[in-house]
Each structure stands twice: as structure tokens, then as C-alpha cells.
Amino acid sequence: MADTVARIPSLVAALRESYDAGLIRDLEARRTQLQQLRRMLVEQEGPILDALATDLRKPPMEAYAAEIGVALSEIDHALKNLDKWCAPERVKVALTFKPGSAKIVPEPLGVVLIIAPWNYPMQLLLAPLVPALAAGNTVVLKPSEVAPATAAVMAQYIPHYLDERIVQVVTGGVEETTALLQEKFDHIFYTGNGTVGRVVMAAAAKHLTPVTLELGGKSPAIVAADADLEVAARRIAWGKFLNAGQTCVAPDYVLVDASVEDKFTSALLRAVHDFYGDDPKHSADYARIVNERHWDRLTALLDAGGFDATVCGGHGDRANRYLPPTVLAGVKPDAAVMQAEIFGPILPIIAVADVDAAIRTVNDGDKPLALYVFSGSDAVIDRVLSRTTSGGVLVNHTVLHVGVTELPFGGVGGSGMGSYHAKAGFDTFTHRKSVLRKPTKPDPSILYPPYKGWKYKLVRRFM
Ligand code: NAD
């Protein structure tokens, strides 16, 4: 540990030297690294899936689709679009600046730091790495210590496939991240909770380093009276209990029109049973809580009460880090589960009088990362869209919008700042440099003093 901390300054300095030496400047070098990363994901799929199973008991289907698959599609999209993204963009020049030509030249930022969390520990480390490399940066990767098996696999294989002069992996916890944050980076990309997000931003401020903060929050699911309740229940149950609720865009709670609450709750119970059987503990498709600390945090939320009934689920088994899919009914606004992001398989249901009441509840909290609205009516959907703010919205489904590569993914307000995926990711790790080029002739005197009256008049006429 002390060794890692001690070598951080020289490790960052070496990455800066590589950057300055242009090791990842040209597009061929960037392509090589991306192709190598692709090779790693294909050749080491087994060890990666094993690590994800060790850390979170992720079912292979979830691990493949939401971790390896996401990274592969980011890589393929970047490889396909790299030439286009990196091409300078010509800009028209107004008469006043003629003769001359202007363009915007995308250039890398330099040395960037990517700090990842534990819930999708591979995806959230590599999905930002792809655009960072595509944009031509050298990179320090900091996997989460809370998912140690995945961190170890990344630390083992990344140096084997990628050029160590371009990408370095630093494992460890708070001590190592704190040491990294003392260094000067050209961008810091942090995914995790808002408390540490503030630590990251304060550290970045010392060097005037720009940050992207991919945070969480309480993402609501609004179910209107005219929603297809069976479909809504299935899709909410899927998005919530995927990865045992440890998903930043999981529907945190449901605001359901009171007139359909009972029907919706019954449909939800059926969906949970259809997905995970009589006892979800024995389902191979249900993940585990990442560690005992989080299991304790989640069960404390249940113990604190503030709701009328536990419709399904409950405490589970600490030794196994198992917490069943849990649905709570009649949840009060001051219940412990409603005070912060749940980040686990507990789904509070709150009945509201109508969609306007749901909108008011959403707007009383921080701006969420995701918002889900289930309705059969365009008017209802448009009302929710136009009167709420969130990182993203998905109508009549949950979570899937994150997988649409071309849609920028990121939060707003309390759920974060900046975005990535595809071109948005490339832009995050790119400086768009403005370049105006003028010929030396002609060199009219109009700009230069003495500012005679006719010059002033002419300037006023054209500007
Ligand atoms: P975590 O505990 O793994 O922490 C994230 C990173 O921060 C780790 O690499 C860790 O080493 C570092 N860290 C922790 N404490 C630190 C400190 N005091 N100083 C410096 N670095 C520190 O992950 P987490 O925060 O528990 O992740 C869960 C949160 O992340 C949830 O709020 C979730 O919504 C959010 N999240 C957001 C997204 C997104 O894309 N917006 C994705 C996943 C998770």
C-alpha cells in the first residue's frame, strides 16, 4: 500500500512524458490500444466473468450484457467513428475577418484519471477508458477496492494487453485515491457517490482540473393510471432487481396513481415470482449484495420502518450477502428508505393522487440520474418530460437507455455533471481548439491606431 502511494508521483510523471512524446497522438496508436482492449475482453472473458461472480455473484447474462458487452460496443463504435470524430471542423468566417480560414481542431487533454465504483466494476472502468484513449490521452485507471476480484483481474490483464506507457492501473482504496488526487491531471472522470464526488471536485479545484462526476440519486418510476400495469411491473421489477438493485439507474422508488396501486402491486409480485421463483435465494439469476457493510446498511433501512407493509422480501441472510427482492407498500415521505439513494433490492411504493402529485414529489428532491414514466398517453408523458429534470428519461421501460450508445449518459445537478458514451465520451476527453489562420497580405490599417473617425465608423457599420 505504502509502495503504491510512493510510486504514484513518478507513475503520473511517466504518463505525462509518454503523452508529451506523442505515444498516443496519431490515430493508428489509438486504434492499436482500442483493438488490444477488445482482444483482452474476448480472450479473458472467463476470468472477468469469474471475478464479477466472486464480487457480486453476477449472473453471466447480466455480467456479459452490462459489463463486457457495453465495453465492446463502446470500442466498436469508437473504432468505426474515430476518423470522423478526430477530423477538424471547418467554420465559416464573417466578412470582417476575411481573408482567413477557421476551424475547430479536436485535441487530447493530456493525462487523465478515471476512478470507478464497485457496482459495475468493469464496465465503469473501461467504458470511460475507451473514449479517453480514442481522444488520445494517457490514463490512470483506479478500480474500486470494494470489488476486489474485478480490480485484481483488471490490474493483471490491462498491463498485459495495453501499453504500460499509455495506461496504468492503480489499485487500492481511499489512501491511494487520495494520493492520486494530489497529482495534477488534465481531466478527472469520477463515478460513485456524491460525498466522494465533492472530495474529488475539491481536489481537482486546486489544479483547476475539469471533472466529470457520474453520481447517483433517487431515480423515480412514475406509473400513471392509464399505464399497461403488467408491463410496467415487469420492467420496473427487472430494472430494480437487476444486480440486486445495485445499479445507479435502478428505479429507486415508485410513484403510482392511487387508483391502480393494488393492481400494480399484485403485478409486481407476480413479476418477482416469475423471475426468481418461490425462493429467490436459490435463483442463479439473482446477484448478491457487495459486502456485509452494505447488507447492514440496507437492512437498517428496513428496520427503521416508516411504511405500512413488506409486500415481499425482507431480511435474507447476512452470511451469504443475500437480500431478497423486497417491495414496501404505504411508504411515508419521512421513511428512512426515502432519505437517500437505496442502492439495493428494496422498492418503496408510494401512492399519489395523480401525475401532477408525482411531478411535485420528484421536484421536491435532487435532480435524479434517471426518470421512468409509464403511461399510455402522450399528453401525460409530455407533461412529465417538460416539468421534470433528470439526467435521462426512459418512457415505458427502465435502465435500457444507458445501452443506447449514441445517447449521452450523465447526470444533472445532484446526479452529476458531464456525460459520456460514444461521441459524448470523446468530447469529454477532448479539447476543441479554435484555430483562425490569416494570410500576411493584405494587411489593412483599419485595426491599427491612430483610430481616425472613418475607421470607427467602418467598424460600427460591420459589427
Ligand atoms: P466506491 O465506494 O467504489 O467508491 C468509488 C471510488 O471512489 C473508489 O475507486 C474509491 O477508491 C474512491 N473513494 C472512496 N472514498 C474515497 C475518498 N474518501 N477519497 C477519495 N476517493 C475515495 O463506490 P460508491 O461511491 O459506493 O458507488 C456507488 C455510488 O455510485 C452510488 O451512489 C451510485 O448511484 C453511483 N454510481 C453512479 C453511476 C453513474 O454512472 N452515474 C454508476 C455507478 C454508480
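The values are calculated or read from the model by the stated rules, or taken from the named source; none is laboratory data. Worth saying up front: this structure is predicted, and the values here are computed from it rather than measured. Cβ coordinates were reconstructed from backbone atoms using ideal geometry, including for glycine residues, and neighbour counts include every protein chain displayed.
Okay, here's what the table says:
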quantity: Every pair of residues 6+ apart whose Cβ atoms lie under 8 Å, when the first sits in segment 308-331 and is in contact (Cβ under 8 Å) with a residue 60 or more places away in the chain and assigned by TED's automatic domain parsing to the domain that holds TYR253 while the second is surrounded by fewer than 13 Cβ atoms within 10 Å (Cβ to Cβ) and part of a strand (DSSP E or B); calculated: ALA329/ALA309
quantity: Condition met for GLY173 (touching a strand residue (DSSP E or B) at 6+ places or on another chain (Cβ under 9 Å), near the ligand (Cβ under 9 Å from one of its atoms), of a type in the set (Gly, Ala, Ser) and over 20 Å from PHE426 (Cβ atoms)); calculated: no
quantity: Meets criteria (over 26 Å from GLY197 (Cα atoms), modelled with pLDDT under 95 and of a type in the set (Ser, Thr, Tyr)) for THR32; calculated: no
quantity: Qualifying positions in segment 91-119 - more than 16 Å from the ligand (Cβ to nearest atom), modelled with pLDDT of 95 or more and either under 30 Å from HIS294 (Cβ atoms) or of a type in the set (Gly, Ala, Ser) (or both); calculated: GLY100, SER101, ALA102, GLY110
quantity: Segment 400-443: number of residues that are aliphatic (A, V, I, L, M), farther than 17 Å from LEU82 by Cβ and not in a strand (DSSP E or B); calculated: 5
quantity: For CYS248: the one exception among (1) touching a Phe, Trp or Tyr at 6+ places or on another chain (Cβ under 7 Å); (2) not in a helix (DSSP H, G or I); calculated: (1)
quantity: Residue within segment 345-360 that is farther than 18 Å from THR398 by Cβ, free of Cβ contacts under 8 Å to residues at least 60 places away in the same chain and not hydrophobic (A, V, I, L, M, F, W, C) present; calculated: yes
quantity: Answer from THR428, THR405 - the residue that is in contact with a Ser or Thr (Cβ under 6 Å, 6 or more places away or on another chain), closer than 24 Å to VAL249 by Cα and modelled with pLDDT under 95; calculated: THR405
quantity: The lone exception for VAL130 - which of (1) at pLDDT 95 or above; (2) surrounded by fewer than 23 Cβ atoms within 10 Å (Cβ to Cβ) it fails; calculated: (2)
quantity: Selection count, segment 177-192, where residues are near the ligand (Cβ under 7 Å from one of its atoms) and surrounded by fewer than 18 Cβ atoms within 10 Å (Cβ to Cβ); calculated: 1
quantity: Those residues of segment 302-355 which are touching a Phe, Trp or Tyr at 6+ places or on another chain (Cβ under 6 Å) and part of a helix (DSSP H, G or I), in sequence order; calculated: ARG318
quantity: Hits in segment 116-129 (condition: within 13 Å of GLY69 (Cα to Cα) and either more than 11 Å from the chain's Cα centre (by Cα) or not hydroxyl-bearing (Ser, Thr, Tyr) (or both)); calculated: MET122, GLN123, LEU124, LEU126, ALA127
quantity: Qualifying residue in segment 322-329 (condition: surrounded by 14 or more Cβ atoms within 10 Å (Cβ to Cβ) and over 28 Å from the mean Cα position of the chain (by Cα)); calculated: yes
quantity: Residue satisfying all of: in segment 205-224; under 22 Å from ASP364 (Cα atoms) and not in a strand (DSSP E or B); nearest to the ligand (Cβ to nearest atom) among these; calculated: GLY216
quantity: Test: residue in segment 283-300 that is in contact with a strand residue (DSSP E or B) (Cβ under 9 Å, 6 or more places away or on another chain), in contact (Cβ under 8 Å) with a residue 24 or more places away in the chain and more than 18 Å from ASP55 (Cα to Cα); calculated: no
quantity: Output for segment 362-401, where each listed residue is of a type in the set (Ser, Thr, Tyr), free of Cβ contacts under 8 Å to residues at least 40 places away in the same chain and touching a Phe, Trp or Tyr at 6+ places or on another chain (Cβ under 6 Å); calculated: none
quantity: Residue match in segment 154-170 (condition: within 10 Å of the ligand (Cβ to nearest atom), surrounded by 23 or more Cβ atoms within 10 Å (Cβ to Cβ) and under 30 Å from VAL399 (Cα atoms)); calculated: no
quantity: Test: residue in segment 227-236 that is modelled with pLDDT of 95 or more, part of a loop (DSSP other than H, G, I, E, B) and of a type outside the set (Val, Ile, Thr); calculated: yes
quantity: Helices (runs of 4 or more DSSP H) wholly inside segment 1-84 that include at least 1 residues being of a type in the set (S, T, N, Q); calculated: 2-20, 27-43, 45-56
quantity: Segment 330-340: number of residues that are under 28 Å from the mean Cα position of the chain (by Cα) and either more than 16 Å from the ligand (Cβ to nearest atom) or surrounded by fewer than 22 Cβ atoms within 10 Å (Cβ to Cβ) (or both); calculated: 6
quantity: Failed criterion for LYS84 (all others in (1) away from the ligand (no atom under 16 Å from the Cβ); (2) touching a residue at least 40 places away in the same chain (Cβ under 8 Å); (3) not aliphatic (A, V, I, L, M) hold); calculated: (2)
quantity: Lone unmet requirement of (1) part of a strand (DSSP E or B); (2) within 11 Å of the ligand (Cβ to nearest atom); (3) not charged (D, E, K, R) for ALA202; calculated: (1)
quantity: From GLY46, GLY22, GLY69, residue being more than 30 Å from ASP285 (Cα to Cα) and modelled with pLDDT of 95 or more; calculated: GLY22
